[in-house]
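**Student:** For reference, the structure I am asking about is given below.
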Amino acid sequence: MSLKSSMWLQYQIDANWTRPLVFVVYNILRPVGAALLLVAMFYVVTGGYMGGGSLAYLYVGNAFFMLIAQTLFFVGWVVHDDREHYQVLKYLYISPMSYFKYLIGRTAMRFLLSGFALMVLIVLGYLLRIPYRIDWLLLVAVFLVGWAFIVGAGLLLSGINMLTARHGGAVGEALAGIFYLLSGAIFPLSILPQWVRGFSLALPSTYWFSLVRRAVLGAESEEVMAQFTTLQVVLYPMAISMVLLGLSYLSFLGVDHLTRKKGMLDMTTTY
Amino acid sequence: MNIMLNLRAVRGRAYPRVIGALREPSWMLWEVVLPMLSIAAFIYFYRSLNAPKEFEGFVVLGGVMTTYWLNVLWGMASQFYWEKETGNLQLYLAAPMSKMSILAGMALGGIFGTTVRAVSIIFIGVFVFEISFVISHPFLLVAIFMVTLLAMYGMGMMFASLYLLWGREAWNMNALFQEPIYFITGQNFPVKALGPTVAMAASVIPLTLGLDAMRQLLFPEAAGWGFLDPMLELGILCVSAVIMLVMARQLLAFMERKGRETGKLTMRWQ
Amino acid sequence: MPGVYSIESRSLTRTFKSKGEVVEALKEVDLSVRQGELFGLLGPNGAGKTTLIKIFTTLLLPTSGYAKVAGHDVAKEVKQIRPIINMVTGGEHSGYGLLTVRENLWMFSQFYGIPGKVAKERIDSLIDRMRITHLADRKIRTLSTGERQRVNIIRAFMTGPKIVFLDEPTLGLDVETSRLIRRYVKEWLEQDGERTVLLTTHYMMEADELCDRIAIINDGEIVALGTPRELKKRIQDETAIGMEISPEIDLGWLDGTKGVMGYSAKEEGGMLSARVVMEDDSAVSDVLSGVTARGGRIISFYKDEPTLEDVFVKLTGRGLE
Ligand SMILES: Nc1ncnc2c1ncn2[C@@H]1O[C@H](COP(=O)(O)OP(=O)(O)O)[C@@H](O)[C@H]1O
Ligand SMILES: [Mg+2]
């Protein structure tokens, strides 16, 4: 299997138009449900007022978070599913293609397909009168940077998953949760305790969300991130992603050795 | 019906869950840290909007109940399907105990594991986020909590047979039962905000009324946000618990019969 | 229960519908297994063995006809049947990988309502008997196929069943484990005259060596029934030869050769090992010259005691494996 065919495999699994119910659940109902939950929380606090900078801020951040969340959730499952549900991990493993490449292919395609959920949310945003001011060039940068970063993070995660028991994709969710909490996705960084903020500034996702706001809302309203130039919020996460990719490759080599040493390629861990 | 046999069967099936929960070292970490991340995000989100303090309490309460809900989905609803895939299901079906004992054992074991998590979440809520709540009606509170769990796990028992009948596709229902359900059951906000029609419809899921009642009891400041009277909610929850359990039994019998007729349910790879 | 068969079926038929196609897995099967018997069902893959076992173990309903276990109808009296039966399947992966051998067994014992202390004693003694004492506290996900199957055997026998169903219990196991399991099953049966075992297999050696009586099943039908000796007598008048041929050649032409009733062939170490059953000696030379004519060299050739496999070949025209 090549990179292309593993992307194709993912497309077949995920973009299965012959199963409209499944498609609707993952690409419309779940993301919309998550967005409405936040909007409802906003609604009860403002006493019914629906507008202002914070609504736009949280709405856009949450919408683009879908790209991260859907990809990482998938990554959280894929290794365990291959290993325990389909029990094909060992066969994939002994096939001549590298499992690393196979995961890159599937993860990359998953990211692309998450674009659909994002589109649904953007359209829903028009109904909520979110004041979009889209800078198309920056939007392209949003996708490129996001793609590199998520694939890098995802691969690192898959390496971990090969060593752990099945826990309902927990690792993927945990990573996504960290990005959601610490990157200023739905609330400004200034709300977080001072000591956490330093950590936030080390996460590539923080810069990426800032880039998202610049691309979609026309300006950065978040005070801390406004200090960075647009070029900085493009380059910084890009550089980190490269490091992540390198690290994940190295970790795969280590994990590869360890799984074979400990015979973890076909373990089943339900209880 | 042989009572000792079934009690032992319940204990037998609960056992691996209790042990499994304690034995896998990565378990505690994921299952507590994970919900904590989104709980923290929602708390900071409320803070950024200058919401009253009790709203942060709603988030912790919602987080606690959601861990049980997730256990109902992943540890109950989709469990028979997993048991089939691993080959346990046919051994369970051919054994003499009532299959309800298997479901009950799964539920009790699941509740044990989840409670450890839930307690950790409450601790973090109280000590890290300084959430305070009032326990003014301890008995009513406990009763509502217990009956909510009973109804929720009853629902999970029902789904276990349904998912099995449905096959692989049903798996995706669990996805549907997360975010959209968080929204309509009012996970982090008073469900009353959705209007009486939606709140009423959402009450089909026991989580909705359980959350609403406990929210009113624990955070009296927000009593005005209550959907129905907690006593009434308790009554409705009792009725729904009974309905869920009866339906779980019916569906189980139906699943067993269907399985013996078609030969599909006990076989790996349909 | 005198006069009652332990396991019995009459005109038992089972059909499956899948994708509009109807598969007749069992056709009018009549079977009577007496108490104390070790009864074997010998047949190739897809013959209907598992289907039959599933019906007797109450997991599947008959389409028509009936099946009884200890005199109870499998369709209606599951409550009477389940406490007194148990089963093992080849390649079974039951239990929870996270639990140890002992814990898994204890869990299954609880589904039969066995008091904790009794269960522990039985488990310990069977663990010894199956020679896995050193594995008792290992998580089952770390066990090999053979070790796992020993655990499965304990799982079935510890509940004190009267009737045990073994569906290809030695499938894919090494010689030592297979022998251990066979010996145990035989011993278990001899300890108490009220016990019964129904075993399916597609290893004819196993059936021959182990079973009191054998039913040969092919395509959902019982084509022969009797003790191993009786069955082998059936081909006394025929001639069976074995030969090793190199290189491998296709033996399809044997089907049309006069006097040939059937053949089986399997690859063994780069050679073809074949058995041919013929009406009498007169066809032998035709077969041998046929092989040579097709480029096959006959490495060895022998004529020996008829085996169950030959019976099978005669009855169905093909081999077991
Ligand atoms: N659930 C099912 N649906 C459709 N066909 C089935 C089912 N179970 C078994 N069969 C078919 O019935 C026949 C007998 O199968 P089985 O009893 O498993 O044979 P054996 O155990 O002897 O290998 C096969 O043709 C098989 O494909
Ligand atoms: Mg079979």
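The values are calculated or read from the model by the stated rules, or taken from the named source; none is laboratory data. Bear in mind that the values here come from a model prediction, so they are computed numbers and not experimental data. Here the Cβ is made from the backbone with ideal geometry for all residues, glycine too, and neighbour counts use every protein chain on show. To get the accessible areas, we keep the full protein, side chains included, count just its heavy atoms, and leave off ligands, DNA and RNA. Shrake-Rupley method; radii C 1.70, N 1.55, O 1.52, S 1.80 Å.
**Student:** Could you tell me which residue of the stretch C:2-56 is farthest from residue B:264 (Cα to Cα), considering only residues that are away from ligand 2 (no atom under 16 Å from the Cβ) and basic (Lys, Arg)?
**Tutor:** Looking at the filtered set, the residue picked out is C:34.
**Student:** If we scan the stretch C:111-121, do we find a residue that is out of contact with any strand residue (DSSP E or B) (no Cβ under 6 Å at 6 or more places or on another chain), aromatic (Phe, Trp, Tyr) and open to solvent by less than 30 Å² (accessible area, probe 1.4 Å)?
**Tutor:** Yes, the stretch C:111-121 contains a residue that is out of contact with any strand residue (DSSP E or B) (no Cβ under 6 Å at 6 or more places or on another chain), aromatic (Phe, Trp, Tyr) and open to solvent by less than 30 Å² (accessible area, probe 1.4 Å).
**Student:** Something else: Those residues that are farther than 17 Å from residue A:37 by Cα and facing another protein chain (nearest Cβ under 7 Å), I need them from the stretch B:170-197; list them, please.
**Tutor:** B:172, the sole residue that qualifies.
**Student:** Scan the stretch C:91-100 and tell me whether some residue there is touching a Gly at 6+ places or on another chain (Cβ under 7 Å), surrounded by fewer than 23 Cβ atoms within 10 Å (Cβ to Cβ) and under 26 Å from residue C:319 (Cα atoms).
**Tutor:** Yes, some residue in the stretch C:91-100 is touching a Gly at 6+ places or on another chain (Cβ under 7 Å), surrounded by fewer than 23 Cβ atoms within 10 Å (Cβ to Cβ) and under 26 Å from residue C:319 (Cα atoms).
**Student:** In addition: Just to be sure before I move on: is residue C:98 within 16 Å of ligand 1 (Cβ to nearest atom), free of Cβ contacts under 8 Å to residues at least 60 places away in the same chain, among the hydrophobic types (A, V, I, L, M, F, W, C) and closer than 20 Å to residue B:13 by Cβ in the structure I sent?
**Tutor:** Here the answer is no, as residue C:98 does not meet what is asked.
**Student:** Right, another one. Restricted to the stretch C:162-177, and to residues that are part of a loop (DSSP other than H, G, I, E, B) and open to solvent by less than 10 Å² (accessible area, probe 1.4 Å), which residue is nearest to residue C:8 (Cα to Cα)?
**Tutor:** Among residues in the stretch C:162-177 that are part of a loop (DSSP other than H, G, I, E, B) and open to solvent by less than 10 Å² (accessible area, probe 1.4 Å), the one nearest to residue C:8 (Cα to Cα) is C:169.
**Student:** Which of the residues spanning the stretch B:64-95 are open to solvent by less than 10 Å² (accessible area, probe 1.4 Å) and more than 14 Å from chain C (Cβ to nearest Cβ)?
**Tutor:** B:65, B:67, B:68, B:69, B:72, B:73, B:76, B:77, B:78, B:80
**Student:** Within the bounds of the stretch C:156-176, is there any residue that is among the β-branched types (Val, Ile, Thr) and without any contact (Cβ under 8 Å) to a residue 40 or more places away in the chain?
**Tutor:** yes
Residue-wise test of (1) open to solvent by less than 10 Å² (accessible area, probe 1.4 Å); (2) modelled with pLDDT of 95 or more; (3) within 14 Å of chain C (Cβ to nearest Cβ); (4) assigned to a loop (DSSP other than H, G, I, E, B).
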position: B:16; (1), (2), (3), (4): yes, no, yes, no
position: B:29; (1), (2), (3), (4): no, no, no, no
position: B:35; (1), (2), (3), (4): no, no, no, no
position: B:42; (1), (2), (3), (4): no, yes, no, no
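**Student:** Now for a separate question. Give all pairs with beta carbons closer than 9 Å in which a residue from the stretch B:164-190 that is modelled with pLDDT under 90 meets a residue that is in a loop (DSSP other than H, G, I, E, B) and open to solvent by 30 Å² or more (accessible area, probe 1.4 Å); count only pairs at least 6 apart in sequence or on separate chains.
**Tutor:** B:167/B:264; B:167/B:270; B:168/B:270; B:169/A:19; B:172/A:19
**Student:** On to the next question. Being among the aliphatic types (A, V, I, L, M), open to solvent by less than 40 Å² (accessible area, probe 1.4 Å), assigned by TED's automatic domain parsing to the domain that holds residue C:46 and part of a strand (DSSP E or B) narrows it down to one of C:224, C:274, so name that one.
**Tutor:** Going through C:224, C:274 in turn, just one is among the aliphatic types (A, V, I, L, M), open to solvent by less than 40 Å² (accessible area, probe 1.4 Å), assigned by TED's automatic domain parsing to the domain that holds residue C:46 and part of a strand (DSSP E or B): C:224.
**Student:** Moving to a separate point now. Mind checking which residues of the stretch A:28-37 are facing another protein chain (nearest Cβ under 7 Å) and open to solvent by less than 30 Å² (accessible area, probe 1.4 Å)?
**Tutor:** Those that are facing another protein chain (nearest Cβ under 7 Å) and open to solvent by less than 30 Å² (accessible area, probe 1.4 Å): A:33, A:34, A:37.
Per-residue answers, yes or no, for (1) farther than 18 Å from residue C:304 by Cα; (2) at pLDDT 85 or above:
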site	(1), (2)
C:225	yes, yes
C:237	no, no
C:241	no, yes
C:250	yes, yes
C:255	yes, no
C:258	yes, yes
C:268	yes, no
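**Student:** Say we look at the stretch C:29-53 and pick out the residues that are open to solvent by 30 Å² or more (accessible area, probe 1.4 Å) and within 16 Å of ligand 1 (Cβ to nearest atom); which of these is farthest from the chain's Cα centre (by Cα)?
**Tutor:** C:46
**Student:** Okay, next question. Tally up the residues in the stretch B:132-191 that are open to solvent by 40 Å² or more (accessible area, probe 1.4 Å), under 27 Å from residue B:222 (Cβ atoms) and either part of a helix (DSSP H, G or I) or among the hydrophobic types (A, V, I, L, M, F, W, C) (or both), please.
**Tutor:** Of the residues in that region, 10 qualify.
**Student:** So if I check each of C:18, C:32, C:9, C:109, which one is among the hydroxyl-bearing types (Ser, Thr, Tyr) and touching a Ser or Thr at 6+ places or on another chain (Cβ under 7 Å)?
**Tutor:** Just one listed residue meets the conditions, C:109.
**Student:** Considering only helices (runs of 4 or more DSSP H) fully contained in the stretch A:188-241, which possess at least 2 residues that are within 18 Å of residue B:37 (Cα to Cα), aromatic (Phe, Trp, Tyr) and open to solvent by 10 Å² or more (accessible area, probe 1.4 Å)?
**Tutor:** Those helices (runs of 4 or more DSSP H) span A:194-200.
**Student:** Among the residues of the stretch A:162-180, are any more than 9 Å from chain B (Cβ to nearest Cβ), out of contact with any Phe, Trp or Tyr (no Cβ under 6 Å at 6 or more places or on another chain) and at pLDDT 90 or above?
**Tutor:** Yes, some residue in the stretch A:162-180 is more than 9 Å from chain B (Cβ to nearest Cβ), out of contact with any Phe, Trp or Tyr (no Cβ under 6 Å at 6 or more places or on another chain) and at pLDDT 90 or above.
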